[in-house]
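Student: If you scroll down you'll find the structure; I have some questions about it.
The values are calculated or read from the model by the stated rules, or taken from the named source; none is laboratory data. All figures in this text were calculated on a predicted structure; none of them were measured in a lab. Ideal geometry is used to build each Cβ from the backbone, glycine not excepted, and the neighbour counts take in all protein chains shown.
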């Protein structure tokens with residue numbers, strides 16, 4: 001999926017992994033309106049009122065489901081496991097447990113914390129591969145399980161400089177996955193990832209708190225989008241002005257290995273969700289990553305914030321965590337193998353120009369088992385041998401997610 005410029009009449013990209021004959025026909029015909037959705041919205045995400053009629057006799061807008069996965073940062077053991085399956089690398093068996101949730105969504109977003117590069121490009125052997133460099137086959141594997149776009153802004157974004165950024169975005173383009181947060185050119189950096197889901201035009205923006213070590217974009221300050229409150233608000237307003245019905249902001253932030261959001265997360269979440277234009281919030285959803293452990297979900301100023309999803313793909317006890325100190329060894333901290341998928345069902349507004357509201361908010365608890373497989377712990381049909389550990393992980397994830405009162409605002413556990 002190639003990102004489209006903000007200007008001009010070019011139709012928005014439609015998610016490729018699944019969407020059925022109706023969505024495919026809309027793309028082929030260049031249609032600008034989606035088919036009408038079913039019935040009224042209820043607690044299960046369906047409409048309680050007829051979808052609003054569009055101007056000019058066009059089909060009314062329909063709602064959509066958005067799934068956001070945890071951080072993707074496969075460690076050495078997972079990379080070797082993917083290699084052992086034959087020529088090249090194949091991460092699909094590792095991710096098979098969450099494919100049903102991801103592929104069923106109208107729009108699915110991943111949070112990519114790695115850069116792509118082959119062993120030869122990194123100048124070393126497989127065993128010496130950096131934990132923040134992954135085989136480029138991972139891009140097509142993410143597309144295969146249903147992801148449509150990824151945030152690429154992270155502290156690891158410049159792990160291999162401008163060459164790593166270019167390889168990563170080229171691989172995502174080849175796989176048909178949209179991206180935002182890093183850029184190959186200044187013009188590319190000015191655009192969000194433009195996506196389409198249901199009857200909505202969705203703009204995804206992504207930013208990171210900083211970069212590892214002494215890395216700096218240097219002569220290419222646009223290569224990685226850094227968190228800046230004024231810039232984020234300005235970018236969100238620009239996306240809305242360009243026609244975005246829903247603005248999603250992905251943030252690489254927080255304190256690693258800390259379940260509770262830190263003061264900067266809380267302050268920024270409050271400021272961004274409070275920002276409005278003509279009474280309408282500028283941002284419709286905030287989703288975070290970086291802490292490597294599940295963090296709370298919370299409704300702030302009427303907007304859902306996921307402070308941290310945890311890692312979707314890292315590895316079961318695969319090496320050390322980020323930095324020294326108590327609880328930072330992945331082999332000793334079970335939270336490193338816990339994460340969530342966020343699922344939000346958006347309903348179209350009653351009148352044009354009003355906000356697309358989240359009609360249903362859910363999280364799906366995830367766990368990486370001893371074999372390195374990603375498991376949906378809410379799936380009662382799962383037959384893994386580590387059932388006790390799976391149930392413990394589900395309880396731990398739920399406790400973290402609900403720790404700031406999200407249940408009072410209607411958040412539920414999905415399957």
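Student: Grab the strands (runs of 3 or more DSSP E) fully contained in region 156-243, keeping just those with 1 or more residues being surrounded by fewer than 24 Cβ atoms within 10 Å (Cβ to Cβ). Even if it seems obvious, please write down each step before you answer.
Tutor: Working: elements: 178-180, 193-197, 200-208.
Once the strands (runs of 3 or more DSSP E) in region 156-243 are filtered for at least 1 residues that are surrounded by fewer than 24 Cβ atoms within 10 Å (Cβ to Cβ), what remains is 200-208.
Student: Another question about this same structure. Among the residues of region 375-384, is there at least one that is modelled with pLDDT of 95 or more and either part of a loop (DSSP other than H, G, I, E, B) or surrounded by fewer than 17 Cβ atoms within 10 Å (Cβ to Cβ) (or both)? First the steps, then the outcome.
Tutor: At the first step, the residues of region 375-384 found to be modelled with pLDDT of 95 or more are none.
No, region 375-384 has no match at all.
Student: Related question: Residue by residue through region 337-351, note down the ones that are assigned to a helix (DSSP H, G or I) and over 24 Å from residue 100 (Cβ atoms).
Tutor: none
Student: All but one of (1) in contact with a helix residue (DSSP H, G or I) (Cβ under 8 Å, 6 or more places away or on another chain); (2) at pLDDT 90 or above hold for residue 351; state the number of the condition that does not hold.
Tutor: Answer for residue 351: the failing condition is (1).
Student: Continuing with this model, one more query. Any idea how many residues of region 173-188 are in contact with a helix residue (DSSP H, G or I) (Cβ under 7 Å, 6 or more places away or on another chain), farther than 18 Å from residue 210 by Cβ and touching a residue at least 40 places away in the same chain (Cβ under 8 Å)?
Tutor: Residues in region 173-188 being in contact with a helix residue (DSSP H, G or I) (Cβ under 7 Å, 6 or more places away or on another chain), farther than 18 Å from residue 210 by Cβ and touching a residue at least 40 places away in the same chain (Cβ under 8 Å): 3 in total.
Student: Failed condition for residue 317, given (1) out of contact with any strand residue (DSSP E or B) (no Cβ under 8 Å at 6 or more places or on another chain); (2) modelled with pLDDT under 95; (3) at negative phi, with all others met?
Tutor: (3)
Student: Right, another one. Return the residues of region 139-155 that are out of contact with any helix residue (DSSP H, G or I) (no Cβ under 7 Å at 6 or more places or on another chain) and in a loop (DSSP other than H, G, I, E, B); say none if nothing qualifies.
Tutor: 148, 153, 154, 155
Student: Take the conditions surrounded by 23 or more Cβ atoms within 10 Å (Cβ to Cβ) and farther than 19 Å from residue 282 by Cα and apply them to residue 252. Does it pass? Break it down into steps so the answer makes sense when it comes.
Tutor: On the way: surrounded by 23 or more Cβ atoms within 10 Å (Cβ to Cβ): yes; farther than 19 Å from residue 282 by Cα: yes.
So residue 252 fits the description; yes.
Student: Of the conditions (1) surrounded by 15 or more Cβ atoms within 10 Å (Cβ to Cβ); (2) farther than 24 Å from residue 114 by Cβ; (3) free of Cβ contacts under 8 Å to residues at least 40 places away in the same chain, residue 267 fails just one. Which one is it?
Tutor: (1)
Student: Could you run through region 75-112 and say how many residues are assigned to a loop (DSSP other than H, G, I, E, B) and under 14 Å from the mean Cα position of the chain (by Cα)?
Tutor: Final tally of qualifying residues: 2.
So that you can scan it fast, the table gives a plain yes or no per residue for (1) in a helix (DSSP H, G or I); (2) surrounded by fewer than 16 Cβ atoms within 10 Å (Cβ to Cβ); (3) without any contact (Cβ under 8 Å) to a residue 40 or more places away in the chain; (4) at negative phi:
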{"position": "353", "(1), (2), (3), (4)": "no, yes, no, no"}
{"position": "363", "(1), (2), (3), (4)": "no, no, no, yes"}
{"position": "366", "(1), (2), (3), (4)": "no, no, no, yes"}
{"position": "370", "(1), (2), (3), (4)": "no, yes, no, yes"}
{"position": "391", "(1), (2), (3), (4)": "yes, yes, yes, yes"}
{"position": "396", "(1), (2), (3), (4)": "yes, no, no, yes"}
{"position": "415", "(1), (2), (3), (4)": "no, yes, no, yes"}
